[in-house]
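Before any comments, here is the structure.
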Amino acid sequence: MNNRDNVFNELQREQPEQPVSPVNPQAPPPANHGMYGYPQQYNPQQHNNMYGAPPYGMPMPGYNIPTPEQRAALEEKESNQRIKNEKAIVVLFVILVVIAAALGISGIVYDIATSRSRIESMDKGAKVVIYQNSKPEKSEELTEIVDEYGRYTTEGVAAAVRDSIVEIYTYSDAFQNKLMGTGSGVVLNDDGYIVTNAHVLDAEGYHDVHTADGKIYSATIVGRDAKTDIAVLKVNSSTLVPAVLGDSDEVVVGEEVVAIGNPAGLTGTVTNGIVSAVNREIRSDTTGFEMNCIQTNAAISPGNSGGALVNMYGQVIGITSSKYVSGFYEGLGFAITINEAKPIIEELITNGFIGGRFRIGITLVDMSNEVNVMTIEEELGFELPEDFTGIYINDISEDCDIANTALEIGDFITEIDGKHVETYDELYDAISAKYGAGDVVPATCAKVDKDGNIEEYEIEFMLMEDTSGDY
């Protein structure tokens, strides 16, 4: 060891013990010695620059320890700031809650107001699009209930469509003390529109809709047309299951079909059969108006009215109606084709009635076939004269002008403006060719007694504009 090392060691032993930094105990403040062991005066400015500390005159971490008074003041300041921050958070939270509540209340009020306006808009030209589907293409994917063409089994059709068929109850009063009748309906879309038969409803009655899941809704008549026996109801619900409408032009004779409805109050009844014929022009047994129908041997009873005739793809191809039936033969059921019903449904939803219609104010049975002649003779209680023909009147509406004439129930209309009529088509064509709503029509009428005596007389009646749906 040389002399310089001895001097250095001595200087080290003579240095007082250095305080430990309160900030970093592992790094004591620098000792007061020079570089390479040569003693020199400690220069704070030089030290700070060497160790990256603040310039001379500014506090150095670890050396400027606050007094208890300073610490208490600092803690009080921090506590006050924290309280201010917490109050600000609480105020912000309250504001957000108030805004959310306001939005919720306004949404409820809006829903109530708009739901009312949506129902009222049915009388103001509401536009509802009714979608139809074609039969699916062949697919290689098979399931237990669907074949390669997408056809269901009977149980598959029932499962796919049953939730879209509703039961309709018609009451004479708002307290539902008197049940007037029941029928079926088909859900058209998720806006709550339901198609049924016009004869299922009563223009002055009250109607409830019962769904497959057991819910009950009060229903409003959107529009009805007794001439075609089509009507539309509306319920205030967006949870109904819409049916899938098919294309009745694709129906072929012999294909399997299923009828779903509620005959005799037996909810969700399913019957199956085949398409016996297509494009049958069948007359209503009340108005005599012809509609294009699908003939089927699937059982269709009065409670099925307004229900669905469904193909094996689960598509509604017809609206079943007991008014388009044969009362003298078994196994003859008819459904109004969905393609013929669709434009009527859309116009009823848009306008509430079928435009351009006139109303005579009578219910009739024409003499277009032997069955009708037998029906007339049964009502009269005697046979008609062999050469006599005309339009038999079995009801007259009191609110129409024809009720003010000499025409009575049980009489016949034989001529319209000098043209002989004995079928519904001849009556309608003779009137519509020359007259419209508000026009006065001349007619020849006749009374027939049991002895075969015929008494003719003349009347004039004004045609009424038909916006009520009655015919």
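Each reported figure results from applying straightforward, stated rules to the coordinates on display, with no laboratory input. Worth saying up front: this structure is predicted, and the values here are computed from it rather than measured. So basically every Cβ, Gly included, is an ideal-geometry build from the backbone, and we count neighbours across all protein chains shown.
Would you please give the residues with an amide H less than 5 Å from that of Gly314, counting only those at least 5 places away or on a separate chain, with H modeled from the backbone geometry?
Tyr152
Sum up the charges of everything whose Cβ sits under 15 Å from the Cβ of Val440, counting Lys and Arg as +1 and Asp and Glu as -1, but leave Val440 out. Before the final figure, lay out each step's value.
Working: positive: Arg359, Lys434; negative: Asp401, Asp417, Asp439, Glu458, Glu460, Glu465.
Result for the neighbourhood of Val440: -4.
Which links in Lys135/Lys234; Lys227/Lys342; Lys234/Lys342 stretch past 20 Å when you go from one Cα to the other?
Lys135/Lys234
Whole-Hz ³J(HN,Hα) for each residue in the range 192-204, computed from phi via Karplus 6.51 cos²θ - 1.76 cosθ + 1.60 with θ = phi - 60°, x for glycine and proline: what do you get?
x, 7, 9, 9, 8, 8, 5, 6, 6, 9, 10, 4, 9
Using the Cβ atoms and a cut-off under 11 Å, what net charge is assigned to the surroundings of Val157, where Lys and Arg are +1 and Asp and Glu are -1?
That sum, taken over residues with Cβ under 11 Å, equals 0.
For each of Asp451, Asp249, Asp285, count neighbouring Cβ atoms within 10 Å of the residue's Cβ, then give the residues from fewest to most.
In increasing order of surrounding Cβ atoms, one gets Asp451, Asp249, Asp285.
Enumerate the amide H contacts of Asn133 below 5 Å, restricted to partners 5 or more residues apart or on another chain; note that Pro and chain-start residues carry no placed amide H.
Leu245, Gly246, Asp247
Under 5 Å between amide hydrogens, which residues at least 5 positions from Leu364 or on another chain qualify, with H placed 1.01 Å from N in the peptide plane?
Asn394
Give me Phe412, Phe353 sorted ascending by neighbouring Cβ count inside 10 Å, so fewest comes first.
Listing Phe412, Phe353 from fewest to most nearby Cβ atoms yields Phe353, Phe412.
Short version: ³J(HN,Hα) in whole Hz for each residue of the range 426-436, in order, from phi by Karplus 6.51 cos²θ - 1.76 cosθ + 1.60 (θ = phi - 60°), x for Gly and Pro, what are they?
5, 5, 5, 5, 5, 7, 5, 5, 10, 10, x
May I ask you to sort Ser184, Ser321, Ser134 by Cβ crowding, counting other Cβ atoms within 10 Å and putting the fewest first?
Starting with the residue having the fewest Cβ neighbours, the order is Ser134, Ser184, Ser321.
From the phi of every residue in the range 344-350, what ³J(HN,Hα) in whole Hz does the Karplus formula 6.51 cos²θ - 1.76 cosθ + 1.60 yield, where θ is phi - 60° and glycine or proline is x?
In residue order, the calculated couplings are 5, 4, 5, 6, 5, 5, 6 Hz.
Note down the net charge around Arg71, summing +1 for each Lys or Arg and -1 for each Asp or Glu among other residues with Cβ under 15 Å from its Cβ.
Numbers: positive: Lys77; negative: Glu69, Glu75, Glu76, Glu78.
Taking every Cβ under 15 Å from that of Arg71, the sum is -3.
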